[in-house]
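In what follows, a structure is listed as structure tokens, so that the remarks can point back to it.
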């Protein structure tokens, strides 16, 4: 019925457009896309589970080929769904760690948090009072991924939001892989332990300890680590100096992950971070979820470094070399497209340029970038969407999608902290090291 309804609306919309002028057609198209995007979102909301998660993931790629209205609606899908009853997840926990191990714990039956693929419960180990968090995957989620991908594909076709003739199979293959990563708790456990080892000597960060005896392929148990949401008053009311310190730590963590470790936790959701203000002024960042960690090849990192360095130094040849090596650009593209790509890259690295190249209203008297006042992401998005680049720059390599997802999250985090810093030297140091 959804397909029949969408088809009827398509016909009516197309016929009506024959009698509209260009401005009226554009306005009607925008309204139509918005209605159809809401239909898609409503259907996904009703289905829940991994279909909902797949819709969120599709928005990462959809920005390159879907109408803006569809991307906005997909991006707004919430992952904090209603929790399921304890009786439904208890069998998963019992199978995962065994009833004998489970008897060692006191588990709060009320979820600490719930999402589309699973939920987390606080627990306490009886013998020593160790506080834990147990992440439990919903029954049947992993087994339903293939059918859920087919469902999402049908929904997208029925709403007629994707461009006609576009091969979506590569996109859905990526979404499928992302979902399988999300339900692979053994790999998440590995990355959690890896990050803990790499950050063990850095007092600015806290990584939960994994308890392997209470973990399995469907259950992941870690230490409970307290902290505040970045928007809480306890964080927002910290001094400018301390918020600058947190901003620098967030940025440096990303640079370490990408340029030094070639391994990035690509989900920037604020729920994956907690801030632990210290009475001694040593504030710490708690890193919670590593299920979306991606590994990058050395060649990709080096080519991307060319783009960034070229953007900072206004060296268009270096920017284009990196863009072509990665596959974002091709030598045969029109000159206007190549020039626009260079200008876009130079815009994105605005916070890392020389102070005299920053907009005057976005720097303080010390030449530090005012992240809280910046509309950089909005400006860069408009620039990419309003020129011929969109005709040639369709779905980019998967590495770019995940990297820019996290990079945008870093920018938003620094803006939320109202950080004031110029990190040019720090960025260039990590690029040289990489």
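The values are calculated or read from the model by the stated rules, or taken from the named source; none is laboratory data. Just so we're clear, the structure is a prediction, and the values are computed from it rather than from any experiment. Cβ atoms come from the backbone with ideal geometry, glycine included; neighbour counts cover every protein chain shown.
Is it the case, given these coordinates, that residue 175 is within 30 Å of residue 428 (Cβ to Cβ) and either part of a loop (DSSP other than H, G, I, E, B) or in contact with a helix residue (DSSP H, G or I) (Cβ under 9 Å, 6 or more places away or on another chain) (or both)? Give the derivation first.
Details: within 30 Å of residue 428 (Cβ to Cβ): no; either part of a loop (DSSP other than H, G, I, E, B) or in contact with a helix residue (DSSP H, G or I) (Cβ under 9 Å, 6 or more places away or on another chain) (or both): yes.
The answer is no for residue 175.
Give me the pairs, please: first residue somewhere in segment 245-269 and at positive phi and assigned by TED's automatic domain parsing to the domain that holds residue 298, second residue anywhere and crowded, with 17+ Cβ neighbours inside 10 Å and part of a loop (DSSP other than H, G, I, E, B), beta-carbon distance under 8 Å, and either six or more positions apart or on two chains.
262/296
Considering only residues that are exposed (fewer than 14 other Cβ atoms within 10 Å of the Cβ) and out of contact with any strand residue (DSSP E or B) (no Cβ under 7 Å at 6 or more places or on another chain), which ones fall in segment 110-146?
Of segment 110-146, the ones exposed (fewer than 14 other Cβ atoms within 10 Å of the Cβ) are 110, 126-129, 131, 140, 143, 146.
Hits for segment 110-146 are 110, 127, 128, 129, 140, 143, 146.
For segment 333-350, check the following and say yes or no: at least one residue is modelled with pLDDT under 90 and over 22 Å from residue 304 (Cα atoms).
Looking through segment 333-350, none of the residues is modelled with pLDDT under 90 and over 22 Å from residue 304 (Cα atoms).
Go through segment 351-369 and report how many residues are modelled with pLDDT of 90 or more and crowded, with 19+ Cβ neighbours inside 10 Å.
4
Which one is nearest to residue 186 (Cα to Cα) among residues in segment 89-109 that are assigned to a helix (DSSP H, G or I) and free of Cβ contacts under 8 Å to residues at least 12 places away in the same chain? Can you show your working first?
Taking segment 89-109 and keeping what is assigned to a helix (DSSP H, G or I), we get 89-97, 99-102.
In the following step, the residues that additionally are free of Cβ contacts under 8 Å to residues at least 12 places away in the same chain were identified as 90, 94, 99-100, 102.
Values: 90: 19, 94: 17, 99: 20, 100: 21, 102: 19 Å.
Top of the filtered list is 94.
Residue-wise test of (1) without any contact (Cβ under 8 Å) to a residue 12 or more places away in the chain; (2) in a helix (DSSP H, G or I); (3) touching a helix residue (DSSP H, G or I) at 6+ places or on another chain (Cβ under 6 Å).
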residue: 84; (1), (2), (3): no, no, no
residue: 87; (1), (2), (3): yes, yes, no
residue: 111; (1), (2), (3): no, no, no
residue: 122; (1), (2), (3): no, no, no
residue: 143; (1), (2), (3): yes, yes, no
residue: 151; (1), (2), (3): no, yes, yes
residue: 162; (1), (2), (3): no, no, yes
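Residue 200 fails exactly one of the following numbered conditions: (1) closer than 17 Å to residue 289 by Cα; (2) within 23 Å of the chain's Cα centre (by Cα); (3) free of Cβ contacts under 8 Å to residues at least 60 places away in the same chain. What is the number of that condition?
(2)
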